[in-house]
Amino acid sequence: MLLTRLKTKKVTIPETAMILAAGKGTRLAPLTDKTPKPLIEVDGKALIDHILDRVAAVGVKKVVVNTFHLGEQIEKHLGSRGDVEIVFSREEELLETGGGVAKALPLLGDKPFFVINGDSLWVDAMKPTLARLAEAWDGKAMDALLLMHPFSRVPGWHGYGDFTMDPEGRLTRREERRVAPYAYMGASILHPHLFEGAPEGAFSLNLLYDKAQEAGRLYGALHDGLWYHISTNEDLETARHLYAQGHVPDVPFF
């Protein structure tokens, strides 16, 4: 049914996106003591510019970037971009992922929007990844659609996976002491009504993912390219090496 939906539905690319760029990136210290994580370079380009290139390429009109840690550097860096409208949501205190998006909702509008972690780095396959994510979106069935990757294919991955996914694409969190086959890539489409009743202040988006799962409205879309998980300095060096080599997927996933 999911494949049929992808072939027959009219695809609408979200007009707005949010890039989460406020975090401190403490696992990459001391590098992130003076440089915000989204400005760390891979293949000669800041992580946030890799993301903005992909966002602009699929036709997103407006990008909201939240800032806190060394936020002035991010704002200065992005000041020269003219291919997409960039609006900043400045945080006086770190609001975490959920609180950051909730604060920015007035800037994001009342339609589904992309949310992308400021350290996400991926390689598209045959079609732009964000376009494929938009193809999989079904507002009648979903409140949240997360981009997933087989965790066994992530270079240097050192976790146990995040979710299982049924044939229709519904996600269920990994059970304690179990291994799940898919890792969340830090890119998603969310509907604003998912934030109805959300707490004030700082909170994680995981709270809302759990809410959507309980309602049967948390879905995943499988990435068919490469993804580099950048959490530690070792991850960063691995990503820099492999990205520079131009590695492409050996087995596409559809």
> Can you list, bin by bin at 5 Å, the percent of alpha carbon pairs in region 48-150, starting at 0?
Replying inline: 2, 10, 21, 23, 23, 13, 6, 1, 0
> So which of Lys24/Lys140; Lys37/Lys76; Lys61/Lys140; Lys61/Lys211 end up more than 26 Å apart by C-alpha?
Replying inline: Lys24/Lys140; Lys61/Lys211
>> Calculate log10 I(q)/I(0) of region 103-164 for q = 0.14, 0.18, 0.26 Å⁻¹, where I(q) comes from the Debye formula with a single equal point scatterer on each Cα and nothing for solvent.
In response: -0.57, -0.90, -1.34
> Considering only protein heavy atoms, what per residue accessible area in square angstrom results for region 97-254 with a 1.4 angstrom probe?
Replying inline: 45
> Between region 25-87 and region 105-130, what's the alpha-carbon centroid distance in Å?
Replying inline: 13
>> Taking a cut-off of 28 Å, what percent of all Cα-Cα pairs in the chain are separated by more than that?
In response: 29
> If you roll a 1.4 Å probe over region 107-192 with all protein chains in place, what percent of the accessible area is carbon or sulfur?
Replying inline: 50
> Fully extended, how many nm does the chain gain between Ala141 and Asp110 (0.36 nm per residue separation, minus their Cα-Cα distance)?
Replying inline: 9.4 nm
>> Could you give the length gained by full extension between Arg153 and Ala215, i.e. 0.36 nm per residue of separation minus their alpha carbon distance, to one decimal place?
In response: 19.3 nm
> In terms of the Cα gyration tensor, with a ≥ b ≥ c the square roots of its eigenvalues, is region 112-222 rounded because a/c is under 1.5, prolate because a/b exceeds b/c, or oblate?
Replying inline: rounded
> Taking the alpha carbon gyration tensor of region 1-113, what are the square roots of 5 times its eigenvalues, largest first, to the nearest whole Å?
Replying inline: 27, 17, 14
>> Please list, by residue number, everything in region 174-218 whose backbone N is under 16 Å from a paramagnetic label point 7 Å out along Cα→Cβ of Glu15.
In response: 192
> Considering the zone a paramagnetic label at Asp43 would reach in this model (a point 7 Å from Cα along the Cα-to-Cβ line), which residues of region 223-246 have amide N under 16 Å from it?
Replying inline: 224-230, 236-246
>> At R0 = 25 Å, how high is the FRET efficiency between Lys34 and Glu93 if r is their beta carbon distance? Nearest 0.05 is fine.
In response: 0.75
>> Students often forget the sequence filter, so: which aspartates and glutamates lie under 14 Å Cα-Cα from Lys45 once same-chain residues fewer than 8 apart are removed?
In response: Asp53, Asp119
>> Residues of region 18-36 with backbone nitrogen within less than 16 Å of a virtual label 7 Å along the Cα-to-Cβ line of Ser204, please, listed as ranges.
In response: 23-27
> Cα gyration tensor of region 31-90, axes a ≥ b ≥ c as square roots of the eigenvalues: rounded (a/c below 1.5), prolate (a/b > b/c) or oblate?
Replying inline: oblate
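The values are calculated or read from the model by the stated rules, or taken from the named source; none is laboratory data. What you see is a predicted model, and the numbers here were worked out from it, not measured in a lab. Cβ sites come from the backbone with ideal geometry, for glycine too, and all protein chains shown count toward neighbours. Just so you know, the surface numbers come from the protein's heavy atoms only, side chains and all, with ligands and any DNA or RNA stripped out. Shrake-Rupley method; radii C 1.70, N 1.55, O 1.52, S 1.80 Å.
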